[in-house]
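Data block below; observations after.
The values are calculated or read from the model by the stated rules, or taken from the named source; none is laboratory data. Owing to the predicted nature of the structure, the values given are computational and were not obtained by experimental measurement. Cβ placement follows ideal geometry from the backbone for every residue including glycine, while neighbour counts extend to all protein chains displayed. Surface areas here come from the heavy atoms of the whole protein model, side chains and all, with no ligands, DNA or RNA. Shrake-Rupley method; radii C 1.70, N 1.55, O 1.52, S 1.80 Å.
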Amino acid sequence: MILTVDGAEVFATTGGKPFNPELPLVVFLHGAGFDHSMWALFSRWFSHHGYSVLAPDLPGHGRSKGQPIASIAGMADWTIKLIDAAGAKKAGLVGHSMGSLVALDAAARYPDRISALSLIGVGGAMPVSPDLLNAAKDNNHDAIDMVSIWGFGFAAGLGGSQAPGLWMMGGGQRVLELGKPGALHNDLAACNDYKDALAAAAKVTAPTTLILGERDMMTPLKSGRQLAAAISGSTPVVLPGAGHMLTAERPDDVLKALIASHA
């Protein structure tokens, strides 16, 4: 599906079903440097179970045109414009990593537009190491290597994909390699610069679930629990042994938690 937001064409998958603005809408927001392809399982489940789905490529990512948005708040504003462009009034938001910060910020500043919130691989802050930022700024492959090594949990390095025949780390690297030059650095810098997560959390009124990896090295569990404690009535779900790339490492568990959050 192609929509126009801020004058630029946006690609969003609808999960294999025609988009219907009359159905409850769930919007899936990808992490730094990624695109809609990370939501294949989840977008298809919701679109085939009574929901409308939008899993967009953020501007300057994947098949979307325009330039990457430099701030988390800017991406949150853009998400509300996307919902408007689709003709919907409210949406449940699902985010992974950077997408979680975007969803959180949108829920805090547009409470009447958000029906539920699911934050995957998230923390009260997301500082990014200078080495990773500098490598991403230079479009050096070291940045992709660091994201892969730190992003996937220990078990992912040994194989063990729940989807037979798929190599989790290799698949993640290929998606990042397809990204436009500068997109990964833009996103990592936006995460590093965003200091408002805990303040935003205190303003969230939507039902919220946080899906956290026990062995997440990019957004450590301690930071995720800190954010959960700042959101009134939130439900943290901790996946034992999992790293940061929860949608690839533990897709069935993530889907189960999302269904409980939005159904």
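Report, in whole Å, the centroid distance computed from the Cα atoms of region 114-163 and region 11-84. With region 114-163 and region 11-84 each reduced to a Cα centre, they are spaced 20 Å. Ligands, DNA and RNA excluded, the heavy atoms of residue 193 present near 100 Å² of accessible surface to a 1.4 Å solvent probe.
Where a ≥ b ≥ c are the square roots of the eigenvalues of the C-alpha gyration tensor, would you call the chain rounded, which needs a/c under 1.5, or, failing that, prolate if a/b is larger than b/c, or oblate? Could the numbers behind the result be given before it?
Values: a/c = 1.25, a/b = 1.17, b/c = 1.07.
The shape class here is rounded.
FRET efficiency for the residue 161 to residue 49 pair, using the beta carbon distance and R₀ = 25 Å, is estimated at 0.55.
Note on residue 145 and residue 195: the extension gain reaches 15.4 nm, defined as 0.36 nm multiplied by sequence separation minus the Cα-Cα distance.
Partner lysines whose Cα lies under 28 Å from the Cα of residue 137, excluding those fewer than 8 positions away in the same chain, are identified as 65, 180, 195. Could you tell me which of rounded, prolate or oblate describes region 79-139, using a ≥ b ≥ c as the square roots of the eigenvalues of the alpha-carbon gyration tensor, with rounded for a/c under 1.5 and, failing that, prolate when a/b is larger than b/c and oblate otherwise? Prolate, because a/c is 1.5 or more and a/b exceeds b/c.
Taking amide H as placed 1.01 Å from N in the peptide plane, residue 214 has its amide H under 5 Å from the amide H of 239, 241, 242, each at least 5 places away in sequence or on another chain. Exposure check, 1.4 Å probe, all protein chains in place: residue 262 carries approximately 30 Å² of accessible surface.
Placing +1 on each Lys and Arg Cβ and -1 on each Asp and Glu Cβ, with no other charges, gives the chain a dipole about its Cα centre of roughly 540 debye.
Stretching the chain fully between residue 17 and residue 202 yields a gain of 63.0 nm (0.36 nm per residue, less the alpha carbon separation).
Let me make sure I get this right: for region 156-263, a, b and c are the square roots of the gyration tensor eigenvalues over alpha carbons, sorted descending. Under 1.5 in a/c it's rounded, otherwise prolate if a/b > b/c, else oblate. Which is it? Present the calculation step by step, with values, prior to reporting the outcome.
On the way: a/c = 2.04, a/b = 1.26, b/c = 1.62.
Oblate is the answer for region 156-263, as a/c is 1.5 or above yet b/c matches or exceeds a/b.
Using 0.36 nm per residue, how much length does the chain from residue 1 to residue 89 gain when fully extended, once their Cα-Cα distance is taken away? It would help to have the intermediate numbers written out before the result.
Values: separation 88, 0.36 × 88 = 31.68 nm, distance 1.83 nm.
Extending this stretch completely gives an extra 29.8 nm.
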